[in-house]
Each structure stands twice: as structure tokens, then as C-alpha cells.
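What follows is a single structure, written as C-alpha cells, with notes after it.
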Amino acid sequence: MTEIPGPRVQPLGPGFRPLCMRTTVKVLGVSVLLLSVAACGGQSGSGASAPSTSAPVSPVPVSSAPGSTSPPPVPLPSPSGPPQSRPTQGVPPGDTAPAPGQVDASALPPGYPHDLTLAQGGKVVVIQAEEGGCDKLAARAGEQTAQQAVVVVTVTKAPHGQMCPMHIRDISLPVTLDQPLGGRKLVLRPGS
């Protein structure tokens, strides 16, 4: 038998794939992966959903037969909107600011909250404050007489050496008085 000179070629085995087929498999695999990621990214079930900016859709009347009269469309109820919260500046709607000179916060140490409004006709004192990290704020009604009402403000600090996050939250501390404040003096005192 005569041998043909040149490189020896091995026969195609069961694990052999031509180069173009290897590339096709990679391209198809990457395409399926990208489609899966795009499909999962389009769903808003598990992550934070983006706020909708579209207006509410009202139903369009469909007439069943030419010349028939249909009742006018009933408007959809308007959405109630985002949850109502207290503004961080100024007097919230429905609340009032105490009269000038009516609040005595001279006993409070520096850093204690002293911005407040009166709600529910002066029966509730609402202290606006900033609470941060591990610090916790609380307020409660103290002694109340015909001349003054005392509100005790407490700031609880974290134990020395405890690691705390560095963030600030705006909070409201409502304190219900026995009777509306009226013309009485409101005294803010530190608690323990």
C-alpha cells in the first residue's frame, strides 16, 4: 500500500465539533442569558417599583348597535395619592404654631428638639425632630396646671463604643395634653 505524503488527519470522533458550531453554541447561550435577564428586569414583583407617571385611564364607552344610546361614562375615582406625611419645614396643614413667647425651651440642653406645632385644637403638641444613628427621641406629657403644661423630652444615646449608622430621620413626636393648651405656657424640659 502506498502512503500519501502530508499531514495525518484524524477521523472525526464523537466529541468533535467544527469551529463554526462551537461559535454558534456560544452565541445562542449568551442570547438566552441576555433574554432571561431582560425578561426578569422587566418585572417589578420583587424589587422596588418605579413610580408611575401616567395619568389614570378612563373607560371608553363602546356602543353595541348604531343609533343606540348609552349612558355617559362614569369617571373613575381619583387615586388618593401618596400617603400623607408631615412636612419637614413650616406648619403642617391643620396645625397651628404656638403664640410668640408661649414656649419656654430654656431648660433644654443644646441639641434637643424644640420646634413644635399644636394639632387638634391645641390638645396635641407635635415636636418635629431629627433622630440619627442609635440616638432615640421620646416625649411625654409632664405636670399640667392652669398656668402651664410641661412636656418632657428624652434623648437616649447609644452606649460608648457601640457602632451606629450615620443617617438622620425626620420624626414627629406627638404628645397629648389633658386639655388644649390655650393661653397656658408650654415648658419643655429634659427627661432622663
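FYI, it's all coordinate maths here, none of it is from the lab. Remember, it's a predicted structure, so these values are computed and weren't measured experimentally. Here the Cβ positions follow ideal geometry from the backbone for every residue, glycine too, while neighbour counts run over all protein chains shown.
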Among all the aspartates and glutamates, which ones have a C-alpha under 14 Å from Lys123's C-alpha, if same-chain residues fewer than 8 places away are not counted?
Asp95, Asp178
What order do you get for 135-143, 158-166, 27-35 when each peptide is scored by the mean count of other beta carbon atoms within 10 Å, highest first?
135-143, 27-35, 158-166
Starting from the Cα of Lys157, draw a straight line to each of the lysines and keep only those under 22 Å, dropping any in the same chain fewer than 8 residues away.
Lys136
16 Å cut-off, amide nitrogen to a point 7 angstrom out along Met166 Cα→Cβ, residues in segment 135-159:
135
In Å, descending, principal axis extents of the Cα set of segment 128-171:
45, 22, 9
What are the semi-axes of the equivalent ellipsoid for segment 105-192, taken as the square roots of 5 times the Cα gyration tensor eigenvalues, largest first, in whole Å?
27, 13, 9
Convert each backbone phi in segment 146-161 into a coupling constant with the Karplus relation 6.51 cos²θ - 1.76 cosθ + 1.60 (shift: θ = phi - 60°), then list the ³J(HN,Hα) values in order as whole Hz, x for Gly and Pro.
6, 9, 8, 10, 9, 10, 9, 10, 10, 10, 9, 9, 6, x, 4, x
